[in-house]
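The structure appears below as structure tokens.
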Ligand code: ARG
């Protein structure tokens, strides 16, 4: 059950005259400080100001009228006109008992399940994945998991850049500089070498190579048999290299429809947009003008080539026809903001108005020098080596903390802790900001890190080991939950918040709302653990209730971390 929504509905229903029920309901929030109860309704002040009334008088009327049972009794009026809501202890306990019984973390099926297409990761193939790809991959994966957990239908689409100019560069490299022996040993490494060779020449101002690579791309698009053959030959190796990383990260897709898939549809897209008067000729190119934007949206270049934008329009058409989604999310670097603004505008005018299209933008990963993260030699950091380094760093932490574990266990734990650290460091940022990449911070045992949460989880498993109990046996025993200590109550209230947190994370498209919640939960657990003896509790009833709280916390941490694509370990 979404407690916040319940309270909002109750307050919205008694909105004072002249107020807007939605706004009044939205002013109900979780309390910042438990001194003020569990939730607060803050809408009276604004309303009173607008109506030139006394806010405390308004609050008194609302407090009298609102019915929060069975969740809570009458709200308490505080300060200039706040309404503080304190959930009934007995109701909290009952809810926790239900959680323990049904294992659904309080989530219910949505009133209306949405279909959501998540376009994420979407790297340009034919060059190795680098650090820049981690953000789209982990943020998109987490959002997909969150929407699924809320009961929506998700289509995870990896919109691979498999048709762009980088292929022309590789084709040029292959025809002029290939090393077949090297290709036979490691095709992807050889293709990457050829790509870098072409790229460095072009960057160095070599117009001839630039022109030649462009001609190769054009020939590929025009159906030149040799280039198509080479493309078909290279692709499986490129895809396998990506797949290796996705497997390691535990990221999966429902479809991987790359740019090449849409190629046959592009000409019709342009014709249709011209026919409908949305696109027109301008300086030899075909473009759509978008209000408020200086540059037009180009859909056919002067040389006749279709481009990134044309492909994205075809993609929207295809997605609409195939899945009829309610929402399409594009988890892409913030620097592509203008592209998406133009794309969405043109697509809407074209008639694709049903789906809510959103650019889920994110900032850059910075190095300690606050500039885009590079290796010591100034190269972009390859994703695979970054993951290896994370695991090596995690291994140090594991070695320092768990003397009694076998080497294989340590290796397995280090993999989980290392990948978790990288993912969490990324997901716990407000995605729009840049963030500084820092191993020691992301693997800290204390603080807002995956390591801290994984450690909290492992400590709970340890309690069960020490007590020679399995968590399942507590679930089966289904003890009464007793909230006799404030720390037990504080932990319990938090455990009921997951549904509202996930809904907020989904509506704002921000996984950091979930990480903040998990951190807060782990802190509440830590206070509980310090203040309330579990195995040595004063009575058997209290001990079982506390074991149940421990197990619920562990389940919540495990579930929440899973929604971030992060695993837990039983010991560390
Ligand atoms: N391949 C693009 C890049 O690496 C990202 C594609 C994002 N998705 C999209 N539908 N445009 O920049």
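What follows is calculated from the coordinates using simple rules that are stated; it is not laboratory data. Please read these numbers as outputs of a predicted model, since none were measured by experiment. Cβ coordinates were reconstructed from backbone atoms using ideal geometry, including for glycine residues, and neighbour counts include every protein chain displayed.
For region 255-397, the alpha carbon positions stretch 63, 35, 28 Å along the principal axes, listed from largest to smallest.
Computed over the alpha-carbon atoms, region 369-462 gives an Rg to Rh ratio of 1.00, Rh here being the Kirkwood radius from the mean inverse distance. Counting only Cα atoms, the size of region 384-540 along its three principal axes is 52, 44, 26 Å, in decreasing order. Counting every pair of alpha carbons in region 228-339, the share spaced more than 16 Å apart comes to 70 percent. Does a label point 7 Å from the Cα of residue 374, set along Cα-to-beta-carbon, have any residues of region 120-134 with amide nitrogen under 18 Å, and which are they? Residues 130-133 qualify, since their backbone N sits under 18 Å from the label point.
Placing a pseudo-label 7 Å from each Cα along the Cα-to-Cβ vector at residue 17 and residue 562 gives an inter-label distance of 5.3 nm. Centre-to-centre separation between the Cα atoms of region 498-520 and those of region 15-67: 24 Å. Rounded to the nearest 0.05, the FRET efficiency derived from the C-beta distance between residue 465 and residue 255 at R0 = 41 Å is 0.45.
Summarising the label geometry, the points placed 7 Å from Cα in the beta-carbon direction at residue 215 and residue 289 lie 3.7 nm from one another.
The order of 561, 230, 7, going from fewest to most other C-beta atoms within 10 Å of their C-beta, is 230, 561, 7. By the beta-carbon count within 10 Å of each Cβ, the least crowded to most crowded order of 375, 15, fewest first, is 375, 15. With the convex hull constructed from alpha-carbon coordinates only, region 170-272 shows a mean projected area of 8.7 nm² over all directions. At an R0 of 30 angstrom, the distance between the Cβ atoms of residue 412 and residue 240 translates into a FRET efficiency of 0.80. Diagonalising the gyration tensor over the Cα atoms of region 441-534 and scaling each eigenvalue by 5 before taking the square root yields semi-axes of 25, 18, 13 Å, largest first. Cβ crowding within 10 Å, taken as a proxy for footprinting-reagent exposure, orders 466, 441 from fewest neighbours to most as 466, 441.
Start at zero, step by 10 Å, and the Cα-Cα distances of the chain spread as 3, 15, 21, 23, 18, 11, 7, 2, 0 percent across the bins. Normalise the Debye intensity by I(0) for region 77-172, one equal point scatterer per Cα, no solvent, then take log10 at q = 0.19 Å⁻¹ and round to two decimals. Normalising to I(0) and taking log10 leaves -0.97. A straight chain from residue 108 to residue 206 at 0.36 nm per residue would run longer than the Cα-Cα distance by 29.3 nm. Summing -39500 (n - 2.57) over the DSSP H runs of n ≥ 4 in the chain and dividing by its residue number, what mean residue ellipticity at 222 nm do you reach, to the nearest 500 deg cm²/dmol? Value at 222 nm, helices only, nearest 500: -18000 deg cm²/dmol. Projected over every direction and averaged, the convex hull enclosing the alpha-carbon atoms of region 398-451 yields 3.8 nm².
Here the label points at residue 531 and residue 57, each 7 Å from Cα along the C-beta direction, are separated by 4.0 nm in the simple model. Length gained on full extension, residue 432 to residue 541, computed as 0.36 nm times the residue gap minus the Cα-Cα distance: 34.5 nm.
With both residues required to sit in the chain, DSSP beta bridges show an antiparallel share near 50%. Whole angstrom only: what separates the Cα centroid of region 185-231 from the Cα centroid of region 295-336? Region 185-231 and region 295-336 have Cα centres spaced 24 Å from each other. Subtracting the Cα-Cα distance of residue 335 and residue 366 from their residue separation scaled by 0.36 nm leaves 9.7 nm. FRET efficiency for the residue 78 to residue 29 pair, using the beta carbon distance and R₀ = 22 Å, is estimated at 0.95.
Against the compact-protein benchmark of 2.2 N^0.38 Å, the Cα-based radius of gyration of region 1-79 scales to 1.01.
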